[in-house]
Amino acid sequence: MRKSACVLMSTDLDFQALFEALPNVLLVVAADDDFTMLAASEGRIRATNVSREASIGRPLFDVFGKNPNDDADFGVEVLRASLQRVLKTKASDRMAVTKYDIPRPEADGGGFEERYWSPLNTPVFNEHGEVRYIIHQVEDVTEQIQEQQEVYAELRASDERLRAALLASGTGTFHWSLRDSHFYVDNALSRLLNIHEGHTVATLEQFLAYIHPEDCERVRQAFAECGKGIDLRVEFRLKQVGLDETWLSARGKVLLDPQDQPSHMVGACTDISARKHAEIELHESERSLRSLNETLEARIEQEVTERSRTEEALRQSQKMEAVGQLTGGIAHDFNNLLAGIIGSLEFIQNRLATGRNEGLSRYTEAAMLSANRAASLTQRLLAFSRRQTLDPKPIEPNRLVVDMEDMIRRSVGPAVKMEAKLAERLPRTLCDPNQLENALLNIAINARDAMPDGGRLTFTTALALPQELAACGLTSDGDGFINISITDTGTGMTPEALTRAFEPFYTTKPLGQGTGLGLSMVYGFVQQSGGHACIQSELGRGTTVCLYLPIYTREVKPEKMPEVPSPRPVASQEQTILVVDDESVVRMLIVDMLSELGYRTVESDDGVSGLALLETMPDVDLLITDVGLPGGMNGRQFADLARQHKPGLNVLFVTGYAENDVVSGCSLEPGMQVLTKPFSMSDLALRIESLLKR
Ligand SMILES: Nc1ncnc2c1ncn2[C@@H]1O[C@H](COP(=O)(O)OP(=O)(O)OP(=O)(O)O)[C@@H](O)[C@H]1O
Ligand SMILES: [Mg+2]
């Protein structure tokens, strides 16, 4: 071991050569004022590009002088200071990375090459402990530095890009320390807040001072929540006098300390005024749209009300027109008839006054004729007003049509061909057969009038189809309807005639030929029977009148035919009749008729006195009473009370028209009958007899 050490020691090692061959960048300088270069390693020679001959023995700063292109002249001075520090402190001195450009060989274009060095100056001492040499060891960190610089440059560029983006998006950033409330706003945010020169924002409170008073508390709350680690998310307005309302949206992320406690917040505020204003505008326009909608509805409603008012007014005026026409028609016809009656009666009066009794029957007949025509006129009016006294019976429509064929054929004449299309197994309907015949005859006569040169008249019976019923507004909650329709190939109707044909007194026929009551009567009768009448007509093509009548499915009891009494039955003198009617003329006539017929009579003008009479006269056999009575008690109520007093009392109601609720067929008890005014003495005799015979 020792030997080998000796061998090593005794080896003639050329330290100079070894040092100079080292690839590291090493330079030995003397500890003199010039820092004379004493030795340089191969690495140093390569790195500095300065030959050993050109450097060794020469002052360091003569050889590695100032780079004339480097204004900072920073490397040389820093190196000199470090070397001087080594001399002074006798300790190694690590220099900061130093830019120290080195000359480039002329062959490579000369000039200086930018280089960065990380130098370490280490003292070498003599036996007295004095600094003899300084080893200047340098690491070339140019590449790392350049890489770093590139990274920095990139960072700077991206930072600038971020700033530009923030600026463009109206975004400013802030940083808030939750511990000391220090609040930092960047320039962009300062601009957004419109912070004037000389003012600063350094605390949260100072920041809040820029927020609209109405939003401030909400924002303060949102920041307070950050203390619980909740990220910030709040929108608010700025307090800006005289400026347009500015809206900011603040977003912040809470950063935690190593103990997981919220310590900082970094965040950004973005100008969202444009969006907010658009939202507000949208909201406004939605609101006004909504209110427009609301008012639109109200306006439509108003329009509709206005319209229905106008329609109602029109309907009312049309109704008044129809009523006017009706009253005018009645007055005209009645005046004619009254002229006949009054004129005849005057003649009779005059003749009687002068004792000329012969030939009076001429006038009584004339008066009777007019009166009967007046009666038939009122009958037709009552039919239209649906107040005629009907005697409904279940009837087979086909049978009725077939039975009428002859009569109709005679009425329409030979120029009109008749045919019947009758549905098989047609159900029955319930209505007054006489009135139905009357209606069909009226329609047939109209058809004849519409076909002066002849044509075809078709009677059709069928089950009514649902769509037909719907078209007439009929709902079938019962068993449905049958349809009897009469079609002609005549002139057809004008649109006006079509809409007005059912109106009473509407006629297009020459004066004296038509009263205009035919169809109105048909209409009223069908309605009163629970059905509906309608007309289809086309000018020049013909007309169809449809009568829809309700189907009747109940069992039919065989009808007991009343025995035909003799026209003038003779009454038994024992039978007493109480006559109650407030019309004294009518009462007188009835009483006189009854006396003529041989009955005993008592009379009264209302129900109350009638009842009083009944109490004193227990032997009354029959009560004849008007339905409409004065004194708060109608004929029906009077009859019911009379029957309580005298059970089973026969009652004959006499009435101007069918007061349905009071004396409708179904509400009449046995021993009660109705007779419609006007009536003849024989009508009255027949009814009395049938009642008293019970
Ligand atoms: N089949 C039809 N063809 C063409 N027009 C008709 C037909 N039926 C009725 N009209 C028109 O309807 C009007 C009214 O008829 P409606 O039967 O009520 O009265 P009228 O026949 O004129 O008189 P009235 O029947 O009282 O004698 C007729 O005047 C006529 O203009
Ligand atoms: Mg007619």
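The values are calculated or read from the model by the stated rules, or taken from the named source; none is laboratory data. On a predicted model such as this, the values are computed, not experimentally measured, just so you know. Ideal geometry is used to build each Cβ from the backbone, glycine not excepted, and the neighbour counts take in all protein chains shown.
Let me spell it out: the conditions are (1) more than 10 Å from ligand 1 (Cβ to nearest atom); (2) without any contact (Cβ under 8 Å) to a residue 24 or more places away in the chain; (3) surrounded by 15 or more Cβ atoms within 10 Å (Cβ to Cβ); (4) over 41 Å from the mean Cα position of the chain (by Cα), and Gly524 meets all of them except one. Which number is the exception?
Result: Gly524 fails condition (2) only.
For the range 348-466, give me every one of the strands (runs of 3 or more DSSP E) that falls completely inside it and has 3 or more residues that are aliphatic (A, V, I, L, M) and away from ligand 2 (no atom under 16 Å from the Cβ).
Where strands (runs of 3 or more DSSP E) fall fully within the range 348-466 and carry at least 3 residues being aliphatic (A, V, I, L, M) and away from ligand 2 (no atom under 16 Å from the Cβ), they are 416-422.
Just give me the residues in the range 585-612 being assigned to a strand (DSSP E or B) and among the charged types (D, E, K, R), in sequence order.
Once the filter is applied, which keeps residues that are assigned to a strand (DSSP E or B) and among the charged types (D, E, K, R), the range 585-612 yields Arg600, Glu603.
For the range 36-53: of the residues being part of a strand (DSSP E or B) and in contact with a Pro (Cβ under 8 Å, 6 or more places away or on another chain), which is farthest from Arg115 (Cα to Cα)?
Per the stated criteria, the residue is Thr36.
What pairs come out if I take residues in the range 496-507 that are under 15 Å from Ala533 (Cα atoms) and free of Cβ contacts under 8 Å to residues at least 40 places away in the same chain and pair them with residues that are more than 11 Å from ligand 2 (Cβ to nearest atom) and among the polar types (S, T, N, Q) whose C-beta lies under 8 Å away, six or more apart or interchain?
Pairs found: Leu498/Ser537.
Restricting attention to the range 503-521, and to residues there that are more than 6 Å from ligand 1 (Cβ to nearest atom) and in contact with a Phe, Trp or Tyr (Cβ under 8 Å, 6 or more places away or on another chain), which single residue is nearest to Asn336 (Cα to Cα)?
Among those residues, the one meeting the criterion is Pro504.
Is it true that Phe502 is modelled with pLDDT under 95 and within 20 Å of Gln318 (Cβ to Cβ)?
Against the criterion (modelled with pLDDT under 95 and within 20 Å of Gln318 (Cβ to Cβ)), Phe502 qualifies.
Could you list, in sequence order, all residues of the range 379-414 that are in contact (Cβ under 8 Å) with a residue 60 or more places away in the chain and hydroxyl-bearing (Ser, Thr, Tyr)?
Ser385, Thr389
I'm told Ala322 meets every condition in (1) touching an Asp or Glu at 6+ places or on another chain (Cβ under 7 Å); (2) at pLDDT 80 or above; (3) not acidic (Asp, Glu) except one. Can you identify the failing condition by its number?
(2)
With the structure loaded, tell me whether Pro558 is modelled with pLDDT under 90, away from ligand 2 (no atom under 16 Å from the Cβ) and in contact with a helix residue (DSSP H, G or I) (Cβ under 9 Å, 6 or more places away or on another chain) or whether it fails that test.
Spelling it out, it is not the case that Pro558 is modelled with pLDDT under 90, away from ligand 2 (no atom under 16 Å from the Cβ) and in contact with a helix residue (DSSP H, G or I) (Cβ under 9 Å, 6 or more places away or on another chain).
Here's the yes/no breakdown for (1) among the hydrophobic types (A, V, I, L, M, F, W, C); (2) under 21 Å from Thr270 (Cα atoms); (3) part of a strand (DSSP E or B):
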residue: Ile145; (1), (2), (3): yes, no, no
residue: Tyr152; (1), (2), (3): no, no, no
residue: Arg156; (1), (2), (3): no, no, no
residue: Ala165; (1), (2), (3): yes, yes, no
residue: Phe174; (1), (2), (3): yes, yes, yes
residue: Asp180; (1), (2), (3): no, no, no
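Of the conditions (1) farther than 30 Å from Leu675 by Cα; (2) away from ligand 1 (no atom under 16 Å from the Cβ), Asp453 satisfies every one except a single condition; which number is it?
(2)
Suppose the filter is within 16 Å of ligand 1 (Cβ to nearest atom) and out of contact with any strand residue (DSSP E or B) (no Cβ under 6 Å at 6 or more places or on another chain); does Ser485 pass it?
The answer is no for Ser485.
Quick check on my filter: what residues within the range 478-518 are away from ligand 2 (no atom under 16 Å from the Cβ), assigned to a loop (DSSP other than H, G, I, E, B) and buried (at least 16 other Cβ atoms within 10 Å of the Cβ)?
Gly480, Thr489
Among the residues of the range 576-602, count how many are among the β-branched types (Val, Ile, Thr) and touching an Asp or Glu at 6+ places or on another chain (Cβ under 6 Å).
Summing the residues that are among the β-branched types (Val, Ile, Thr) and touching an Asp or Glu at 6+ places or on another chain (Cβ under 6 Å) in the range 576-602 gives 3.
Being at pLDDT 90 or above, among the charged types (D, E, K, R) and closer than 30 Å to Val78 by Cα is the requirement here; does Glu127 meet it?
Spelling it out, Glu127 is indeed at pLDDT 90 or above, among the charged types (D, E, K, R) and closer than 30 Å to Val78 by Cα.
Does the range 37-57 contain at least one residue that is closer than 26 Å to Gln144 by Cβ, in contact with a His (Cβ under 8 Å, 6 or more places away or on another chain), modelled with pLDDT of 85 or more and not acidic (Asp, Glu)?
no
Out of (1) within 16 Å of ligand 1 (Cβ to nearest atom); (2) over 14 Å from Ser485 (Cα atoms), the odd one out for Asn442 is which?
Exception for Asn442: condition (2).
If we scan the range 105-122, do we find a residue that is at positive phi and modelled with pLDDT of 85 or more?
No, the conditions are met nowhere in the range 105-122.
Which ones in the range 534-553 are within 11 Å of ligand 1 (Cβ to nearest atom) and either in a loop (DSSP other than H, G, I, E, B) or free of Cβ contacts under 8 Å to residues at least 40 places away in the same chain (or both)?
Gln536, Leu539, Gly540, Arg541
Does the range 236-253 contain at least one residue that is of a type outside the set (Ser, Thr, Tyr), within 38 Å of the chain's Cα centre (by Cα) and farther than 29 Å from Ile211 by Cα?
No, the conditions are met nowhere in the range 236-253.
Of all the residues that make up the range 146-202, how many are touching an Asp or Glu at 6+ places or on another chain (Cβ under 8 Å), at pLDDT 85 or above and either surrounded by fewer than 12 Cβ atoms within 10 Å (Cβ to Cβ) or of a type outside the set (S, T, N, Q) (or both)?
3
What is the number of the single condition among (1) under 20 Å from Cys534 (Cβ atoms); (2) out of contact with any Phe, Trp or Tyr (no Cβ under 7 Å at 6 or more places or on another chain); (3) surrounded by fewer than 21 Cβ atoms within 10 Å (Cβ to Cβ) that Phe459 does not meet?
In the conditions (1) under 20 Å from Cys534 (Cβ atoms); (2) out of contact with any Phe, Trp or Tyr (no Cβ under 7 Å at 6 or more places or on another chain); (3) surrounded by fewer than 21 Cβ atoms within 10 Å (Cβ to Cβ), Phe459 misses (3) alone.
Let me spell it out: the conditions are (1) in contact with a Phe, Trp or Tyr (Cβ under 9 Å, 6 or more places away or on another chain); (2) surrounded by fewer than 19 Cβ atoms within 10 Å (Cβ to Cβ); (3) not hydroxyl-bearing (Ser, Thr, Tyr), and Val401 meets all of them except one. Which number is the exception?
With (1) in contact with a Phe, Trp or Tyr (Cβ under 9 Å, 6 or more places away or on another chain); (2) surrounded by fewer than 19 Cβ atoms within 10 Å (Cβ to Cβ); (3) not hydroxyl-bearing (Ser, Thr, Tyr) applied to Val401, the lone miss is (2).
In this structure, is Lys90 of a type outside the set (Gly, Ala, Ser) and modelled with pLDDT of 80 or more?
When the stated conditions are applied, Lys90 passes them.
Listed residues Thr508, Thr543; which is closer than 26 Å to Thr475 by Cα, over 41 Å from the mean Cα position of the chain (by Cα) and not hydrophobic (A, V, I, L, M, F, W, C)?
After ruling out the rest, the residue left standing is Thr543.
Residues checked against (1) closer than 15 Å to Phe35 by Cα; (2) loosely packed, with under 14 Cβ neighbours inside 10 Å:
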site: Thr98; (1), (2): no, no
site: Pro105; (1), (2): no, yes
site: Gly109; (1), (2): no, yes
site: Glu113; (1), (2): no, no
site: Ser118; (1), (2): no, no
site: Val124; (1), (2): yes, yes
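Looking at this structure, is Ile211 surrounded by 13 or more Cβ atoms within 10 Å (Cβ to Cβ) and either at pLDDT 90 or above or among the acidic types (Asp, Glu) (or both)?
yes
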